[in-house]
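Each remark here refers to the structure printed beneath this line.
Read-outs throughout are calculated quantities, based only on the coordinates presented, and are distinct from any laboratory measurement. Treat the numbers as computed from the prediction; the structure is a model and nothing was measured. Here the Cβ positions follow ideal geometry from the backbone for every residue, glycine too, while neighbour counts run over all protein chains shown.
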Amino acid sequence: MELDQQHGADALGWFGGTGGFGGRFMPEALIAALDELDVAWRDALADPAFTEEFQRLLREYAGVPSALYDATRLSAEAGARILLKREDLNHTGAHKIRNVLGQALLTKRMGKTRVIAETGAGQHGVASATAAAYLGLDCTVYMGEVDTERQALNVARMQLLGAEVVPVTSGSRTLKDAINEALRDWVASVDHTAYLFGTAAGPHPFPSLVASFVRGIGDEARQQCLDLTGSLPDAVAACVGGGSNAIGLFAGFVDDPGVAIYGFEAGGEGVDTDRHAATIHAGSVGVLHGARTYVLQDEDGQTVESHSISAGLDYPGVGPQHASLAATERATYVPVTDDQAMAAMSRLARTEGIICAIESAHAVAGALELAKQRPGQTLLVNLSGRGDKDMGTALEYFGLGEAGRESDT
Amino acid sequence: MSAATAFEKARAEDRAALVGYLPAGFPDVEASIAALRTMVDAGCDVIEIGLPYSDPVMDGPTIQTAAQQALEAGTRTSDVLRVVEAVAGTGTPTLVMTYWNPVERYGTERFARDLAAAGGAGLITPDLTPDFAPEWIAAADAHDLDKVFLVAPSSTDERIAMTTAACRGFVYATAVMGVTGARESTSDLAGPLVARTHRTTDLPVGVGLGVSNGAQAAAVAAYADGVIVGSAFVRTLLDHPGDAAAGRRALGSLTEDLAEGVRA
């Protein structure tokens, strides 16, 4: 579990050189805490006892390594070999558990007693509440009011796990506003509270720190692919909101020049409308939540509200490492619409018996398009989460839930 | 005109300076100009004009509500510069307090040029620290503008020294760990922070966050060079929706109370 020096950030958190992407645009009141976190994290990564405990927890508690699954029926339809990295099989149902177990262990190591988190779809909130319960930490989760409504089941899960869920009513009442509110809490509570950042975005060291805790996705997938097929995949694909599952997968392959890397963003109702969250495709360089990256913003630098049918991708920024990978063209980022994602969700369910999260369905949809350009090739797709939480959305979108009625999906 | 001029004048009168904040465009552009002029007339020595921003991490609900109203009323960065010009025309040093992204989006050099042309004194940057501000520092120096960075109770001595070395005009000390908002009592963290800051610089030190009346202003003025008030001013206007004249009267009364406080 080493930091990727070539593609990682420098000491000030810049990806791609000073003044590039990343950095730390934060109130001075939080700088000491970010410095403390940076030192503690680097110290922990260098401590075999910490990494051993982290790996043990992943193995025994989170169910990691997750399987790499050869999706033969989907592949036959698509015309390319599609391998699915089954992060949906992890405890709490998503890749997020890796990140929070790492950060929560770090919190204990730093002697802090409370964690706060922000959540969009609720996956990160549930994972944070779970890790907090497991490690005996107090937990408060900030969630946009809109998201508490569309993800009510996850709110209940967090509450059952002992977390306080605070609905955020400011701004667009979605993920970006939950991050603002969590940061405000942190300014006032930083002496005893750690902020479990939910994605590979935000101020330094969060993008690098989160990437270090989730890079197991890519490292495992790389080895599993070699074991299964005898060679590396031709391309890897993941959905990108903030970008944590994607950066975890990409970390395993970024040094393999023969492996193409694809990130699939939320194209919402179409990137030619104002209802999408395709930050890299349609955004511009700016500063949001402490980092310089691609941002959906207007002419005056005001953040524009994003839209995605997936609450987990409904974010107007993106992790700065993705911005750097896009700018250097090491990775290609492509928008996938709500409709394409929902069609892919249905197709995966019917061909493989796997109901994935709508976030992950964006990656599946992207891979199905990719298969047309790369017939016969091996495409490794990160199935970042399972779809239980999204059944309400699916029910509404497909008109399901009425016995005797056959869906026309 | 640098804010330092106003601090020097106050120091010559053996008192602290009163620094008053309102967001531009709240409740609309013209009304914000009138309100800020009321604050100047009633005794503010330095004016801070907030640039309304969609993601104000450091602001509490009072200022966020006002900024949101300003954005909903269509306030643009160009409007903020217009407000600066109108207020700076009174001869009172006028700074813009802004989160960084709108400046970067406008263009750092272009913003510095246009701010200077409008008569603005400089910028206060709550989410930009000197170690991430080389472009702004260069632009500000080129246009003779104040660079007001923040220090906090959690700042190390090394960071306070680094920060004050980059400041021009004055140093902004955040008195409490938390977001903006009027408080019942001022922080016991403020005095030691001001003392630590004074040990690194001859620049005046203003204390912000929490002051809402003359008595609190007097308490802060006992150890700080400036008393910075924001949320309490905003509150007076929020408390008089649809009645601009009553809002301005309340604003004037509060300013007078605070101005007496810094002279106590």
**Report entry** Prolate/oblate/rounded label for segment A:19-76 (Cα gyration tensor, a/c 1.5)
**Finding:** oblate
Report summary line: If amide H atoms are modeled at 1.01 Å from N in the peptide plane, then the residues at a separation of 5 or more from residue B:151, or on another chain, having amide H under 5 Å from its own are B:172, B:173, B:174
Report task. Enumerate the calculated ³J(HN,Hα) couplings along segment A:86-94 in order (Karplus 6.51 cos²θ - 1.76 cosθ + 1.60, θ = phi - 60°), each rounded to whole Hz, writing x wherever the residue is Gly or Pro. Result -> 8, 5, 5, 8, 5, 3, 6, x, 6
Query raised in the report: Taking only the alpha-carbon atoms of segment A:359-407, what semi-axes of the equivalent ellipsoid follow from 5 times the gyration tensor eigenvalues under a square root, in whole Å, largest first?
Result: 28, 14, 8
**Report entry** Mean-position separation - Cα centroids, segment B:1-62 and segment A:316-339, in angstrom
**Finding:** 41 Å
Query - Rg/Rh (Cα only; Kirkwood hydrodynamic radius) as it applies to segment A:20-132 - result: 1.08
Query raised in the report: Long-range amide H contacts for residue A:260: which residues qualify at under 5 Å (H placed 1.01 Å from N, peptide plane, sequence gap of 5 or more or a different chain)?
Result: A:235, A:236
Query - At 0.692 mPa s and 37 °C, Stokes D of segment B:1-85 from Kirkwood alpha-carbon radius, µm² per second - result: 242 µm²/s
**Report entry** Spin-label model distance (nm) - residue A:274 vs residue A:46, 7 Å beyond Cα toward Cβ
**Finding:** 5.0 nm
**Report entry** Three-way shape label, segment B:177-264, alpha-carbon gyration tensor, a/c 1.5
**Finding:** prolate
Report task. Within 10 Å of each Cβ in peptide A:281-290, how many partner chain Cβ atoms are there on average? Round it to a whole number, please. Result -> 3
Query raised in the report: Could you give the nm distance between label points at residue B:215 and residue A:400, where each point is 7 Å from its Cα heading toward the beta carbon?
Result: 6.3 nm
Query raised in the report: What span do the alpha-carbon atoms of chain B cover on each of the three principal axes, reported in whole Å from largest to smallest?
Result: 47, 42, 32
**Report entry** Surface/4 of the Cα convex hull for segment B:1-149, nm²
**Finding:** 8.4 nm²
Report summary line: In whole Hz, the Karplus estimates of ³J(HN,Hα) for segment A:56-70 (6.51, -1.76, 1.60; θ = phi - 60°; x where Gly or Pro) are 5, 4, 4, 5, 8, 10, 8, x, 9, x, 6, 6, 9, 10, 8
Report task. For segment B:135-198, state what percent of all Cα-Cα pairs lands in each successive 5 Å bin, counting from 0 Å until the bin that includes the largest distance. Result -> 4, 17, 25, 19, 16, 11, 6, 2, 0
Query raised in the report: Ordered by residue, what ³J(HN,Hα) values in Hz, to whole numbers, does segment A:241-255 give under the Karplus form 6.51 cos²θ - 1.76 cosθ + 1.60, where θ = phi - 60° and Gly and Pro are x?
Result: x, x, x, 6, 5, 5, 5, x, 5, 4, 4, x, 10, 5, 8
Report task. Could you tell me whether chain A comes out rounded, prolate or oblate from its Cα gyration tensor? Rule is a ≥ b ≥ c as square roots of the eigenvalues, rounded for a/c under 1.5, then prolate if a/b exceeds b/c, otherwise oblate. Result -> rounded
Report task. May I ask you to list the GluC sites (Glu not before Pro) in segment A:1-87 that are in a DSSP loop and have at most 13 other Cβ atoms within 10 Å of their Cβ? Result -> A:2
Requested in this report: Express the Stokes-Einstein translational diffusion coefficient of segment B:118-264 in µm² s⁻¹, to the nearest whole number, given a Kirkwood radius over alpha-carbon pairs, 20 °C and a viscosity of 1.002 mPa s.
Outcome: 132 µm²/s
Query raised in the report: What length, rounded to one decimal in nm, is gained on full extension from residue A:226 through to residue A:53, with 0.36 nm per residue of separation minus their alpha-carbon distance?
Result: 59.6 nm
Report summary line: Residues meeting the amide H criterion for residue A:288 (H placed from the backbone, H to H distance under 5 Å, 5 or more places apart or on another chain) are A:293
Report summary line: Taking only Cα atoms of segment A:208-340, the Rg to Rh ratio with Kirkwood Rh works out at 1.00
